[in-house]
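Just below is one structure, and these are the notes that go with it.
FYI, it's all coordinate maths here, none of it is from the lab. As the structure is a prediction and not an experimental result, all values here were calculated from the model.
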Amino acid sequence: MAFAAIGLVVSLFVHLMSFEGVRLGGHALFYGLHAGSILLWVIIALVMRPSMGTSWTRETWKLVFAGAPRWMRWMTNGFLAYAVVNFAIFMIAGHPTKPAAGSRLPPVEEWRGFSGHWMAFYSAGLAALTSAYRQGVSPRKCPVGHVVGPGDDFCPVCGAQIAAS
């Protein structure tokens, strides 16, 4: 969880600084945030595999985030929506294909474009790992089989009473 939280904070800072034309950390940070987001999702897949199997569906994503606090799910959805909008702006506005003169670093527009995705990936990773930590790898379910949150007494889908655990 700490790895995901640090990645989220760093990618948010990099994104905000890109609006000022600053490219922090050079190649190491740029590619480190890429690799870190991939590594984070490999870890999540390994952590979630016992309860999810190999098939990831829409229902699987509900299971992944079921134990995360509501504010964290909203934050993740916000970053995911922002990543889509940010990427659309990045593609529509066009971007330099070469680094600025005298620089070997990717253009600031690429930092801004990629950091939007980094924020979404690290935020979703933080929510998924927080969920797994709070409810264990296997989430609670109602008698019908719907996923319920850690503090729910009744199923939010069907209304069935949840047995105390």
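Observations
- Couplings 3J(HN,Hα) of region 34-44, computed from phi: 4, 4, x, 5, 5, 4, 4, 6, 5, 4, 4 Hz, in residue order, whole Hz [Karplus 6.51 cos²θ - 1.76 cosθ + 1.60, θ = phi - 60°; x for Gly and Pro].
- LYS141 long-range amide H proximity, modeled H, under 5 Å: VAL148
- Table column - 3J(HN,Hα) (Hz), region 18-26, Karplus curve with 6.51, -1.76, 1.60, x for Gly and Pro: 5, 5, 8, x, 9, 10, 7, x, x
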